[in-house]
Amino acid sequence: MRILLTNDDGIHAEGLASLERIARTLSDDVWVVAPEQDQSGYAHSLSISEPLRLRKIGDKHYAVRGTPTDCVIMGVKKILPGMPDLILSGVNSGANIADDVTYSGTVAGAMEGALLGVRSIAVSQAYSYAGEDRVVPYETTEALAPALLKKLVAMPLPDGVLLNVNFPNCAPDEIEGT
């Protein structure tokens, strides 16, 4: 299974590294095409006033000077050797629920994948603060996402549907009902 990863927090975000570890539990054919810089809040926008810049930063790892939507289009149409079987967008630092979904570049990355006909899932992790420091328990996502994603990938879905998965702000052993 070929998997394309993107996000809105940028190519060097901790959440993207977490998502790559998760994706590698599903496949060895994992590609990363993510924004060069943080694109949080850019929603489903395209870069139209400036040229897109693509930089290879490692084996199957690319940074795009553009939005998550640009990254998915670039990955699917120009970088990957064929269509991906799955697009994962995230792991976003912060939940994407309620009105936040409409602003989210993370959800938009999955939305663009769905529009291109690829099964797509946005993944987000709620966080808290310890003083002024943001504490994002990516270990919760890493502990729970692999099994959940395997189930979601096996489920039949109508064309054009994306999934938006949010993990709560707690330790993995505090989760109930999975």
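Computed values, structure above
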item: Filtered residues of the stretch 10-51 (kept if under 21 Å from Pro84 (Cβ atoms), acidic (Asp, Glu) and part of a loop (DSSP other than H, G, I, E, B)); result: Asp28, Glu36
item: Residues of the stretch 76-105 that turn out to be polar (S, T, N, Q) and either assigned to a strand (DSSP E or B) or within 19 Å of Leu52 (Cβ to Cβ) (or both), as a count; result: 3
item: Any hit, the stretch 64-75, residues being in a strand (DSSP E or B) and surrounded by 22 or more Cβ atoms within 10 Å (Cβ to Cβ); result: yes
item: Residue selected from the stretch 123-148 under the condition farther than 22 Å from Leu162 by Cβ and part of a strand (DSSP E or B), by the criterion farthest from the chain's Cα centre (by Cα); result: Ala130
item: The stretch 1-42 - residue that is within 16 Å of Ser124 (Cα to Cα) and among the charged types (D, E, K, R) and, of those, surrounded by the most Cβ atoms within 10 Å (Cβ to Cβ); result: Asp8
item: Candidate set: the stretch 149-176, residues that are touching a Ser or Thr at 6+ places or on another chain (Cβ under 6 Å) and outside any helix (DSSP H, G or I); chosen: the one surrounded by the fewest Cβ atoms within 10 Å (Cβ to Cβ); result: Asn169
item: Residues (closer than 22 Å to Ser93 by Cα, surrounded by 15 or more Cβ atoms within 10 Å (Cβ to Cβ) and over 14 Å from the mean Cα position of the chain (by Cα)) located in the stretch 43-60; result: Ser45
item: Total residues in the stretch 8-29, condition without any contact (Cβ under 8 Å) to a residue 12 or more places away in the chain and either more than 16 Å from Pro68 (Cβ to Cβ) or within 10 Å of the chain's Cα centre (by Cα) (or both); result: 3
item: Of all residues making up the stretch 125-148, the number that are among the acidic types (Asp, Glu) and surrounded by 15 or more Cβ atoms within 10 Å (Cβ to Cβ); result: 1
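Where a number appears in this text, it was derived from the coordinates with a stated rule and is not lab data. On a predicted model such as this, the values are computed, not experimentally measured, just so you know. With ideal geometry, Cβ positions are generated from the backbone for all residues, glycine too; neighbour counts draw on all protein chains shown.
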